[in-house]
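A short worksheet on the structure shown next.
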Amino acid sequence: MTPHIEAKKEDIAKIVLMPGDPLRCRMIAEKYLTDIKLVNTIRNQYAYTGYYKGKRVTIFSSGMGCPSMGIYSYELFKFYEVEEIIRVGSCGALVEDLKLYDVVVVENSYSLSNYLYELEGGLTRLLPSSEELNSRIYNAAKKMGISYRFGNVHCADAFYNELNSESIVKDFNCLAVEMETFALFSNASTLGKKASAILTVSDHLITHEKTTPEERQNSFNTMIELALESIE
Ligand code: HPA
């Protein structure tokens, strides 16, 4: 038990998938897992532990932004001895050749966030995901016939901003923008754990195309199935 998680230590699996939204968390657990148990309700930040094809997994909602993801992933790694976290969420496309609903597997997270500096004095602005998790994601995608883009994302603190992102895209090769990977990868690197992220494009910052809820749900399912098939 921690200030933000009421689960008993043994109720959290060693492998955790983290969507941002607590209701998505419940939907994933109910649709894909067997023997599910609700293991956290503090702040309605729902978490469920169950089995996917016999493998034990916890689905834990991160909330939005680095501070929220930072708290939950730190406590899971440090106090619940979680070994691997895969973030599953949405992103906004920053390049024209990325289309709505495309799946992006994050290679590096670029951020101006101070999260890593506050955590351990680290000054880098570019943090990598886990090569081991990425190779499992790659193998699962190949088996399932799913294609995805592998590249960098910009992890932003401001969802609404007046700045144009062109220089970020150019200088750091960011395909998309989201708001949680930098805290997750910071915690993994500081605590010696593994973390990666699989995202789907929910909006396009160049073409301004919009998704429908139904289309969003279908592409979300593809991403979740890929994450679940990647766990060992
Ligand atoms: N900005 C930041 N995070 C996001 C976006 C966005 O446009 N879309 C989905 N997550």
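So, in Å, what gap is there between the alpha-carbon centers of the range 166-207 and the range 44-89?
Answer, in whole Å: 17.
Could you tell me which of rounded, prolate or oblate describes the range 103-232, using a ≥ b ≥ c as the square roots of the eigenvalues of the alpha-carbon gyration tensor, with rounded for a/c under 1.5 and, failing that, prolate when a/b is larger than b/c and oblate otherwise?
Oblate, because a/c is 1.5 or more while a/b does not exceed b/c.
Which of the three applies to the chain, rounded, prolate or oblate, going by the alpha-carbon gyration tensor with a ≥ b ≥ c and a/c under 1.5 meaning rounded?
Judged from the Cα gyration tensor, the chain comes out oblate (a/c at least 1.5, b/c at or above a/b).
Under 8 Å for C-alpha pairs, at least 6 residues apart: give me the relative contact order for the chain, rounded to a whole percent.
Averaging sequence separation for qualifying contacts and normalising by length gives 25 percent for the chain.
Nearest-5 percent of antiparallel DSSP beta bridges in the chain?
Of those bridges, close to 40 percent are antiparallel.
Going toward the positive end of the dipole of the chain, with +1 on Lys and Arg Cβ and -1 on Asp and Glu Cβ, which of 57, 160, 196 do you reach last?
57
With a sphere of radius 13 Å drawn around the Cβ of residue 125, what net charge do the other residues whose Cβ falls strictly inside it have (Lys, Arg +1; Asp, Glu -1)?
Charge balance in the 13 Å sphere: -2.
Would the range 8-85 count as rounded, prolate or oblate if I go by the C-alpha gyration tensor, calling it rounded below 1.5 in a/c and otherwise prolate when a/b exceeds b/c, oblate otherwise?
oblate
Of all the Cα-Cα pairs you can form in the range 159-217, what percent are over 14 Å apart?
Across the range 159-217, Cα pairs with separations above 14 Å total 69 percent.
Go ahead and set up a Gaussian network model of the chain, Cα springs under 10 Å, then flag whichever of 20, 63, 54 fluctuates most.
Result for the chain, Cα springs under 10 Å: 54 fluctuates most.
First compute the accessible area of the chain with a 1.4 Å probe, then give the percent of it belonging to carbon and sulfur atoms.
Result for the chain: 51 percent of the exposed heavy-atom area is carbon or sulfur.
Helix-only estimate, please: 222 nm mean residue ellipticity of the chain, summing -39500 (n - 2.57) across DSSP H runs of length 4 or more and dividing by its residues, to the nearest 500.
My calculation for the chain gives -10500 deg cm²/dmol from helical runs alone.
The values are calculated or read from the model by the stated rules, or taken from the named source; none is laboratory data. From a predicted model like this one, the values you see are computed outputs, not experimental measurements. Every residue, glycine among them, receives a Cβ derived from its backbone with ideal geometry; neighbour counts consider all protein chains shown. Quick note on the areas: whole protein, heavy atoms, side chains included, nothing else; ligands and nucleic acids left out. Shrake-Rupley method; radii C 1.70, N 1.55, O 1.52, S 1.80 Å.
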